[in-house]
Amino acid sequence: MFVQAYVRGRGRSGGFKNDNLGLQVGRDGYDLVEWIAAQPWSDGRVVMYGGSFVGMTQWHTAAQHPPHLAAIAPYVPIYPGWDVPNTNGIPQAWSAIIMGYVSGRALNTGFIANHGYWRGKLLEAYAAYRPFNELDAAIGIAADDLVDDR
């Protein structure tokens, strides 16, 4: 059996994205794992699989220790400022572009396709010596999409 679920504030979830994204995703993941395990069609063992944001959600869910989570298979679980793209502890601007692409309820294909816009904004930020934590505002994406919940 395969189940696909949206996180809060994405797709048709009906929910709202929380500023403490990692903790909320983990708690929601715990509830989802236990709900799936309780269904009559489930054998009680739940495995999570996926990449990028979905990979990150698996780690946050596993940290909550749901009893019926049998395994996770995350790949490229990006989290801005923590991992790739990150060179010698310095986040790369590409993280902000990725977050602009995936911010909101649906993928922002117009944003990612407009290379001239975001490349120009990155060059402006570079030339002005703007810090990474201001990059979201420089390219025009919501600040809560670059959440650091440490």
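Miscellaneous remarks
- 5 angstrom amide H check on G50, placed H, neighbours 5+ away: A73, Y75
- Label-to-label distance, nm, for residues given as S13 and A73 (7 Å Cα→Cβ offset): 2.3 nm
Every number here is computed from the coordinates shown, using simple stated rules; none is lab data. Just so it is clear, the model here is predicted, and its values are computed rather than measured. Cβ: placed from backbone, ideal geometry, glycine included. Neighbour counts: every protein chain shown.
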